[in-house]
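Dropping the structure in here first, questions after.
The values are calculated or read from the model by the stated rules, or taken from the named source; none is laboratory data. What you see is a predicted model, and the numbers here were worked out from it, not measured in a lab. When we count neighbours, we look across all protein chains shown, and the Cβ atoms used for this are built from the backbone with ideal geometry, even at glycine.
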Amino acid sequence: MNTALAQDTAQRLFETHDQYREASLSFRRFKQKDILPLIDSLKADSRFEITQVGESVEKRPIQLIKVGSGPRKVLLWSQMHGDEPTATMALFDLFNWLRQTDEFDGLREQLLRETTLYFVPMLNPDGAERYQRRNALDIDMNRDALRLQSPESRILKNLQQTLKPDFGFNLHDQSTRYSVGHTPRQATISFLATAYDEARNVNPVRERSMQLIIGMNRVLQRFIPGGVGRYSDEFEPRAFGDNIQKWGTTLILIESGGYPNDPEKQYIRKLNYVAILTALESISTDGYKLESRADYTRIPENERYLFDVLIRGVQVMRNGKPYKMDVGINRNEVNVAGATAFQYRSVVEDLGDLSTFFGIEEIDGNGLTLVPGHVHRTPLDSLALVRKLNLDSLYREGVTSFRLTKPTKTPAVVPPVQFLQPGTVASRPAQIGQGATFLLKRGNRIRYVFVNGFWYDAETQKNLLTNGTID
């Protein structure tokens, strides 16, 4: 297929995605019980074959979904890491697309005629249950390709060895703080044509990876210009991607990163859907063979030049003296409510001259001074009492914290203030490794109130605060 036609197909897939989007998967923290009914529903379509290919450590079924009858075999697996579900959502959108009859009938027929597709939509259901990277043995399955200690790892290798797929898609999520090269752009999607040896040689198997990635990158540039990165291809002898490439299956690694105002990765899910379908189209027509592998290395490498928040040039007091510093803050997710939800726990990651870094969100701190927030004069018996107060008014007074009269466990929802347990002394603000709760003042006037790495703008009264902390 020529480039212009491929771009047109990608545009139409992008524009019509909502017609196929699996509405029951709208939040990242779904579990296997949420997708099993969706897999069962595929059995109503005779073109789909569902096979249980094994069980996880905790005896959850791992299922293989087969569709198509063509000579080119493709194996796609997602959630090898349990907290990396973006592509899983995209695969169920793809299943919905395959079951429809509409303007894409020609493309569907071509895919089903020219390819045989095998999907493992959730390889690590035990990890997904906890929303954690590792499986129930605390093993990182992507470092278990040699020892094969995990049953899930043995399942994946067995599928590769018995199906002998021509192509494999290894679908992951990556940190939202990866940048595209040394730029402020988030790496929304990243690719890798994994190396199969220490020398990083390129044989025909790996060259096909590069060619497919070149085409997907071209497609995605239309929707996230400058937002595609490339992982370092340093050889990792324990990883499945590197070994599957070595075992003769052309391996394409896709990583879903971050995109502005997309915490549940719904836009990135759409990008996965478009990228995977256009890659499958290229496989079905051998269109990727027209690509020059030299274009692969022109995709910028991923770098680590982003903080979630970067306050530039603020004055920080130390021993009664002012020092000009940049403050880098990162927001980390902490599981709550049985890992079905999360809260943020933010920390000051770095201080000093951070002029070579960028913030996903940035605040100009020039002319501002960072000082501690105030502790409310009245201790509280419970967190719920905060709800009865006018918090916006208290923020404008510089109140960020409350003392508790008795020890309290962290509940599912913590109101957006800092709670201090009995006997706890508030830490000095802007200290590496500590929470990001403080004030930014211009003279005697409060400009920003920071609580747990999010802020209230006292000048505009814009409130971006989310959850608080119990310290």
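Going by the structure shown, is R428 of a type outside the set (V, I, T) and outside any loop (DSSP other than H, G, I, E, B)?
no
Here's the yes/no breakdown for (1) within 30 Å of Q149 (Cα to Cα); (2) among the aliphatic types (A, V, I, L, M); (3) touching a residue at least 24 places away in the same chain (Cβ under 8 Å):
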{"site": "L13", "(1), (2), (3)": "no, yes, yes"}
{"site": "A23", "(1), (2), (3)": "no, yes, no"}
{"site": "D45", "(1), (2), (3)": "no, no, yes"}
{"site": "I50", "(1), (2), (3)": "yes, yes, no"}
{"site": "V74", "(1), (2), (3)": "yes, yes, yes"}
{"site": "W77", "(1), (2), (3)": "yes, no, yes"}
{"site": "T88", "(1), (2), (3)": "yes, no, yes"}
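Results for (1) touching a helix residue (DSSP H, G or I) at 6+ places or on another chain (Cβ under 7 Å); (2) more than 29 Å from P125 (Cα to Cα); (3) β-branched (V, I, T); (4) not in a loop (DSSP other than H, G, I, E, B), shown as yes or no for each residue.
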position	(1), (2), (3), (4)
Y259	yes, no, no, no
E264	no, no, no, no
I268	yes, no, yes, yes
S282	yes, yes, no, yes
R312	no, yes, no, yes
E349	no, yes, no, yes
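Determine the pairs where a residue that is in the same structural domain as H172 (by TED's automatic domain parsing) and modelled with pLDDT of 95 or more, located within the stretch 193-214, has a partner that is surrounded by 14 or more Cβ atoms within 10 Å (Cβ to Cβ) and basic (K, R) with Cβ atoms under 6 Å apart, the partner being 6 or more residues away or on another chain.
Close Cβ pairs (under 6 Å, with a partner that is surrounded by 14 or more Cβ atoms within 10 Å (Cβ to Cβ) and basic (K, R)) amount to A193/R206; Y196/K246; E207/R293; M210/R293.
Here's a follow-up. What is the one condition in (1) over 20 Å from the mean Cα position of the chain (by Cα); (2) without any contact (Cβ under 8 Å) to a residue 12 or more places away in the chain that E234 does not satisfy?
That leaves (2) as the condition not met.
Could you please find all residues in the stretch 434-465 being buried (at least 23 other Cβ atoms within 10 Å of the Cβ) and small (G, A, S)?
A436, G453
Further, regarding this structure: Among the residues of the stretch 43-51, are any assigned to a helix (DSSP H, G or I), basic (K, R), over 23 Å from F14 (Cα atoms) and in contact with a strand residue (DSSP E or B) (Cβ under 7 Å, 6 or more places away or on another chain)?
So far as the stretch 43-51 goes, yes, one or more of its residues are assigned to a helix (DSSP H, G or I), basic (K, R), over 23 Å from F14 (Cα atoms) and in contact with a strand residue (DSSP E or B) (Cβ under 7 Å, 6 or more places away or on another chain).
Would you say R143 is surrounded by fewer than 17 Cβ atoms within 10 Å (Cβ to Cβ), at pLDDT 95 or above and of a type in the set (D, E, K, R)?
yes
Yes or no, residue by residue, for (1) buried (at least 17 other Cβ atoms within 10 Å of the Cβ); (2) closer than 26 Å to L253 by Cβ; (3) not hydroxyl-bearing (S, T, Y):
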| residue | (1), (2), (3) |
| --- | --- |
| T9 | yes, yes, no |
| T16 | no, no, no |
| Q63 | yes, yes, yes |
| V67 | yes, yes, yes |
| L75 | yes, yes, yes |
| H81 | yes, yes, yes |
| G106 | no, no, yes |
| E109 | no, no, yes |
| E114 | yes, yes, yes |
